[in-house]
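Novice: Okay, here's the structure, questions in a sec.
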Amino acid sequence: MADSTHSSDHPRADRLGGGRRWYQNAEMVVALSALVLSLCGISVAIYEASLIRQAQRASVWPNIEVGASLRSESVSLWVNNSGVGPARIQSAALMYEGETLRNWEDLIRTLGLPALGEGMGQSFYQSMISGRVLPPGDPETIFSIDGSQTPELAQTMNQLREAVLDGRADVQVCYCSVYEECWVSSLSKLVSRTTGESIVNPVEPVERCSPEDGS
């Protein structure tokens, strides 16, 4: 009489030859262990490479601060790289009430003040930083004015101080590291963090520096 097929005639899928399960086969266990170890090694290598890249970036990280020194007799605006790597200044913009100006003379005219003319000696100073590379710990004065020389300069200084404090006058600097990571630093964001006569601001990361970030 025909008998039903016994389960022993059809080994289970999880059994190997001889009726052993796969995890009872030493060669299979060794092979799978080697595969798992290889995958772990690859994961560790990727993680270590990521840490190395982060360390390399951190070792050359620039941090541009745009600051202002507002004294009773003078006003100075400066840029300082307080990071550990060089900062490549891609653009720097002087702005008044959101509009980009060409230079400091434009700002003075916009404020309705007498032009900064010849014969003022060391009463005022201005500098351009666009396209420069600023090393760490090397502050650069971008504009200063001594109001103690003439009444006209005193008027200009006081108007500029007010414009800085109420956020109408702004300096925005877009800069990048050697790894093409970029940030924008803005003077207008410093006002709320004023301490004494010095103001220091945070920075914001950007994908890249564009013409809109400065002139």
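Novice: Mind counting the residues in segment 161-204 that are assigned to a loop (DSSP other than H, G, I, E, B) and at pLDDT below 80?
Specialist: Result for segment 161-204: 8.
Novice: List the pairs whose first member sits in segment 156-168 and is touching a residue at least 12 places away in the same chain (Cβ under 8 Å) and over 15 Å from Gly67 (Cα atoms), whose second member is open to solvent by less than 30 Å² (accessible area, probe 1.4 Å) and assigned to a helix (DSSP H, G or I), and whose Cβ atoms are under 9 Å apart, counting only residues at least 6 apart or on separate chains?
Specialist: Filtered contacts from segment 156-168: Thr156/Ile108; Gln159/Ile108.
The values are calculated or read from the model by the stated rules, or taken from the named source; none is laboratory data. All values reported here derive from a predicted model rather than from experimental measurement. Using ideal geometry, Cβ is built from the backbone for each residue, glycine included, and neighbour counts are taken over all protein chains shown. Protein only, heavy atoms only, side chains kept; ligands, DNA and RNA dropped before computing areas. Shrake-Rupley method; radii C 1.70, N 1.55, O 1.52, S 1.80 Å.
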